[in-house]
Each structure stands twice: as structure tokens, then as C-alpha cells.
Amino acid sequence: MRDAVTSLINNYDLAGRYFDRNAIDDLKSYFASGTARVEAATVINGDAAAIVKQAALNLFDELPELIRPSGNAYTTRRYAACLRDMDYYLRYATYAIVAGNMNVLDERVLQGLRETYNSLGVPISPTVRGIQIMKDIVKNKVAEAGIEDNSFVDQPFDYMTKELSEKDI
Ligand SMILES: CCC1=C(C)/C(=C/C2=NC(=C\c3[nH]c(/C=C4\NC(=O)[C@H](C)[C@H]4CC)c(C)c3CCC(=O)O)/C(CCC(=O)O)=C2C)NC1=O
């Protein structure tokens with residue numbers, strides 16, 4: 001698992017080079033956003049259960065077929081599995097926000113996920129929609145908490161969306 005710093009060090013070490021101007025700029029921008037990243041994670045942590053619940057309600061409002069008898073989130077067990085997955089996405093998003101790097105998502109969340117979803121009939125595009133709804137809720141909360149420089153909040157949600165949607169097997 002990598003963060004913004006270890007990933008940079010790894011790249012420069014592989015090339016046997018000292019940090020150049022680009023590396024220093026990357027490091028500066030990571031450290032400059034550090035406090036805001038931790039604050040955003042704190043906002044999310046304090047409200048995670050409510051964020052997941054609200055995102056799921058919005059998703060089922062928008063796509064009610066998911067919780068109808070033919071839907072993948074129908075039955076208490078599958079409904080709970082769906083909310084649990086949303087909670088995974090949110091929790092790992094906070095790790096990626098703090099790390100300033102998406103590697104934790106590749107290693108812990110996305111690897112093999114499409115295959116699992118496909119084999120269980122979990123529909124990808126509603127999942128992606130759920131992740132985007134969650135992003136919007138989180139962005140609002142972070143902004144309400146007065147964290148102005150918050151562009152980094154989008155990153156993990158958009159990354160998971162892109163990786164889940166684009167890869168064909
Ligand atoms: C931390 C990394 C991690 C992830 C991401 C993860 C996902 C994950 N979601 C699963 C199932 C599932 N995932 C969903 C999710 C949904 N169904 C819908 O219709 C909605 C669109 C969506 C919710 C937004 C459902 C319903 C199941 C159960 C499917 C089944 O067993 O039939 C399963 C199969 C095993 C199980 O049920 O626990 C895995 C592995 N597991 C992990 O360890």
C-alpha cells in the first residue's frame with residue numbers, strides 16, 4: 001500500500017535520482033493539503049453510518065427496481081450486503097483521501113471486484129451511481145464543515161467509479 005510520499009520516493013529511488021522540481025512541487029502540494037485531508041476524514045468518520053444510509057435511500061429512490069423482488073438488493077440479506085458495500089467504499093475512500101494516493105483502493109477494494117459482482121449478478125452501473133451519490137453527500141458535508149480546499153474529496157470516488165465502469169473482462 002502506498003501514499004503520496006512513499007510512491008514518489010519509490011519512483012525516484014527506482015530511477016536512482018534526487019527529487020527534482022516536479023517531485024518537490026508534488027510534495028509541497030500534498031503537505032499543503034494535509035490538514036484539510038485529515039479534517040475531511042474526520043468529518044466523514046463522525047457521520048459515516050448516516051452518510052451510507054442516506055446514499056442508499058437516495059439510490060433506491062432513484063432506482064426502486066433494485067429493491068423489488070427481481071432486484072439484486074431485494075431480501076434483507078442482500079439489502080444489508082449492499083449497504084455494507086457502500087460502507088466499504090466510504091471507509092476506503094477516507095483512507096485514500098488521507099494517503100493522497102489511490103493505491104489502497106486498487107489493492108484492497110477493486111481487485112477482483114468486477115468478477116465477484118458479475119458472478120453474483122450485482123449490477124455495476126447502479127453501484128457506480130451509489131458511489132457518486134455518496135460523493136455528493138460527502139462533498140456537501142465537507143464544505144459545510146468549512147473545509148474550503150476540498151477538491152481532493154472527489155478523487156477516490158471518481159477513481160472507483162472509473163475503475164469499476166471501464167474495465168472489461
Ligand atoms: C473491502 C473490499 C470488499 C468489497 C468491495 C466487497 C464487495 C462484495 N459485495 C458482495 C456482495 C453483494 N454486494 C451487493 C451490492 C449491491 N446490490 C445492488 O443491487 C446494489 C447496486 C449494490 C449496493 C449499492 C449485494 C446485494 C451483494 C450480495 C449478492 C448475493 O449474495 O447475492 C460480495 C460477495 C460476498 C458477500 O456477500 O459478502 C463481495 C466480496 N467485499 C470486500 O471485502
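Is it the case, given these coordinates, that PRO123 is buried (at least 16 other Cβ atoms within 10 Å of the Cβ), under 28 Å from ILE67 (Cα atoms), of a type outside the set (A, V, I, L, M) and over 17 Å from the mean Cα position of the chain (by Cα)? When the stated conditions are applied, PRO123 passes them. Residues that are within 15 Å of ASP85 (Cα to Cα) and without any contact (Cβ under 8 Å) to a residue 12 or more places away in the chain were ranked within segment 50-66; the one that is most open to solvent (accessible area, probe 1.4 Å) is LEU57. Taken together, the residues in segment 59-84 that are touching a Leu at 6+ places or on another chain (Cβ under 8 Å) and of a type in the set (D, E, K, R) amount to 0. Cβ-Cβ distances below 8 Å connect the following pairs, each with a first residue in segment 140-169 that is modelled with pLDDT under 95, a second residue that is outside any helix (DSSP H, G or I), and a separation of six or more residues or different chains: ASP149/SER33. Might you check whether a residue that is buried (at least 21 other Cβ atoms within 10 Å of the Cβ), assigned to a helix (DSSP H, G or I), under 11 Å from the mean Cα position of the chain (by Cα) and more than 10 Å from the ligand (Cβ to nearest atom) occurs anywhere in segment 107-115? Taking every residue of segment 107-115 in turn, none turns out to be buried (at least 21 other Cβ atoms within 10 Å of the Cβ), assigned to a helix (DSSP H, G or I), under 11 Å from the mean Cα position of the chain (by Cα) and more than 10 Å from the ligand (Cβ to nearest atom).
Out of curiosity, is ASP85 near the ligand (Cβ under 8 Å from one of its atoms) and on the phi < 0 side of the Ramachandran plot?
So ASP85 fits the description; yes.
Looking only at residues of segment 88-106 that are touching a residue at least 24 places away in the same chain (Cβ under 8 Å) and within 9 Å of the ligand (Cβ to nearest atom), we find that the one that is nearest to SER70 (Cα to Cα) is TYR89.
Is segment 83-94 home to any residue that is basic (Lys, Arg), within 17 Å of the chain's Cα centre (by Cα) and open to solvent by less than 30 Å² (accessible area, probe 1.4 Å)? The answer is no; no qualifying residue exists.
The values are calculated or read from the model by the stated rules, or taken from the named source; none is laboratory data. The structure presented is a predicted model; accordingly, all values stated were derived computationally and were not measured. Positions of Cβ are backbone-derived with ideal geometry, glycine not excepted, and every protein chain shown enters the neighbour counts. Protein only, heavy atoms only, side chains kept; ligands, DNA and RNA dropped before computing areas. Shrake-Rupley method; radii C 1.70, N 1.55, O 1.52, S 1.80 Å.
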